[in-house]
Every structure is written in structure tokens, then in C-alpha cells.
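Undergrad: If you scroll down you'll find the structure; I have some questions about it.
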Amino acid sequence: MAVDGIKRLSILGAVGVSVVFAAYVGWLSSRHLAPGGGVYFYHRLVVIALLATWIVGDARERRRAIFDHGYHAFFLFFAYAPYYLISTRRGRGVLIFGAMILLFVLPQLVEFFAQPLG
């Protein structure tokens, strides 16, 4: 599979996982329930893995893969992703990182707004 296909699939996967999990959390929240068992942790782990895959693919496409981007992109995501995005895209990188953060907080936002009043 080409790098462009991997990048597209990883972004669509991250958005899909966040939207589906947010819908699930919203449904539970509307019934006064909450997901348990560390599901939020696993959601974040999957989203980090998918976004790190996008970063690695992007680095290869831009020929910036000087060292192991995979390790840094995954384990140091919240420090490495803004560095990489700002160094390669400047202002657009800040917006892209903001969109990535939105994928992480989307379930909490849906949970907050889905709670019935009273």
C-alpha cells in the first residue's frame, strides 16, 4: 500500500474510532451510565497509534525520516506531534494538532452534552 493510502486510512481510522466511541459514550451518558474498565485509556491508545502512523507516513512522504519516527511519534506523541507539525507546516501544523486533540476530547464533550438535565 502506498504511503498516501496508509496516511488516509490512519486518519479515517482515528476519526472513525473517536466518532463511534463518542456516540457510545453519549448513548451511555443519556441513560445515566458510564463506560468502565479503562475504555477511555484504550480509546486514547488506539487514537495515538493511528495518528502516530499518520506522522510516520507523512515523514516518509516528505523524506524527513532521519531517525526512528515511529518510536518518538508513539511514545512521545504529545511532545513530538506538535514539534513535527509546526516544523513541517508552521501555522497549519498548529491547526492540525488542534484537530488531533479534538479527537481525544470528543468523547468527553459528547458525554458532557448528552447528560440529561435534572
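The values are calculated or read from the model by the stated rules, or taken from the named source; none is laboratory data. From a predicted model like this one, the values you see are computed outputs, not experimental measurements. All Cβ positions, even for glycine, are placed from backbone atoms using ideal geometry, and neighbour counts span all protein chains on display.
Undergrad: Residues of region 5-28 being under 19 Å from A99 (Cβ atoms) and surrounded by fewer than 15 Cβ atoms within 10 Å (Cβ to Cβ), which ones?
TA: Within region 5-28, R8, L12, G16, V19, V20, A23 meet the criteria.
Undergrad: I would also like to ask the following. Take the residues in region 22-60 that are farther than 20 Å from F113 by Cβ and hydroxyl-bearing (S, T, Y); name whichever of them is modelled with the lowest pLDDT.
TA: T53
Undergrad: Taking helices (runs of 4 or more DSSP H) that do not extend beyond region 29-118, which have at least 1 residues that are touching a Pro at 6+ places or on another chain (Cβ under 6 Å) and buried (at least 20 other Cβ atoms within 10 Å of the Cβ)?
TA: Answer list for region 29-118: none.
Undergrad: Moving to a separate point now. Quick one: is R89 out of contact with any helix residue (DSSP H, G or I) (no Cβ under 6 Å at 6 or more places or on another chain), charged (D, E, K, R) and closer than 30 Å to Q115 by Cβ?
TA: So R89 fails the test.
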